[in-house]
Amino acid sequence: MTHPIQIKEESFQLHYSGALFWENQSLLMMSDVHLGKISHFRKYGAAVPQHALLKNFETMDAAIAQFDPKHVVFMGDLFHSSLNKEWELFEEWVGQKIIKLTLVEGNHDIISPVKYEALGITVTPEFSLGNFFMTHHPEEREGQFNFSGHLHPAVRLTGLGRQSVRLRCFYKSSVQMILPAMGEFTGSHAMAVTKECEVFAILGDTVLPVQVHGRKS
């Protein structure tokens, strides 16, 4: 269900939900949940089943139950658009949590910070701890390591007979890691895989390191 990695001598766990847990800080990162997107689709006639509304909350709960973090940082695009009935579900969800919650603003986060702050959620353009900083869009800064989202990274794997599958993934370079989108119906973007990167694909409830051609293990 998880895969351990070391970054700058710190220990992290990659979770099949797409969440990333920082062990020493008891901090859980989640990106691109896009709450409200399903209700938005349904409003305009898309045939999305009603039960899918709860899937995002179940996914977040699974990651929280796995690690029991003290702090959850949402790395942007927590809500897909303006307020809809999923906000009421989110209010209920937050009310059941005794955890510090922070939202790093993303391009889809257009709901007023006042609404989040009323729920006890801190809203900020970015969040930093030591040599690590968290943003929605990928960034690079000398001497620091960046965690981000936004791109909804995926990797395309090809097997015998030219069969291929595209899987959500954690995408890591020497200076940053891009988290996969956690939300349902968010889509994904196939990333270029080079020997300079590390890729960890999500297959069901498993996180699998992907062998990158030309990279030394």
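For the reader, a short list of remarks on this structure follows.
- The simple spin-label model puts a point 7 Å past each Cα toward its Cβ; for residue 9 and residue 166 those points are separated by 4.1 nm.
- The chain: relative contact order as a whole-number percent, Cα under 8 Å and 6+ apart: 20
- The angle between the Cα long axis of helix 55-67 and the longest principal axis of the Cα atoms of the chain comes to about 60 degrees, rounded to the nearest 10.
- Across segment 87-96, coupling constants 3J(HN,Hα) worked out from phi with the 6.51/-1.76/1.60 Karplus curve, θ = phi - 60°, read 4, 5, 5, 5, 4, 5, 4, 4, x, 8 Hz, and Gly and Pro carry x.
- When only the Cβ of Lys, Arg, Asp and Glu is charged (+1, +1, -1, -1), the dipole of segment 2-210 relative to its Cα centre reaches about 660 debye.
- Among the GluC sites (Glu not before Pro) within segment 1-31, those in coil by DSSP and having at most 13 neighbouring Cβ atoms inside 10 Å are 9, 23.
- Beta bridges assigned by DSSP with both partners in the chain are antiparallel in approximately 60 percent of cases.
- Summing +1 for each Lys or Arg and -1 for each Asp or Glu among the other residues whose beta-carbon sits under 14 angstrom from that of residue 68 gives +1.
- Here r is the Cβ-Cβ distance between residue 91 and residue 61 and R0 is 22 Å; the resulting FRET efficiency, rounded to 0.05, is 0.90.
- The helix-based estimate of mean residue ellipticity at 222 nm for the chain, built from -39,500 (n - 2.57) per DSSP H run of four or more residues and divided by its residue count, is -4500 deg cm²/dmol to the nearest 500.
- Spin-label zone in segment 162-185 - amide nitrogen under 18 Å from a point set 7 Å from the Cα of residue 156 along the C-beta vector: 162-171
- Counted by Cβ distance under 12 Å from residue 6, the other residues give a net charge of -2, where Lys and Arg count +1 and Asp and Glu count -1.
Laboratory data are not the source of any read-out in this text; all were calculated from the coordinates shown. Everything numeric in this text was worked out from a predicted model, so none of it was measured. When we count neighbours, we look across all protein chains shown, and the Cβ atoms used for this are built from the backbone with ideal geometry, even at glycine.
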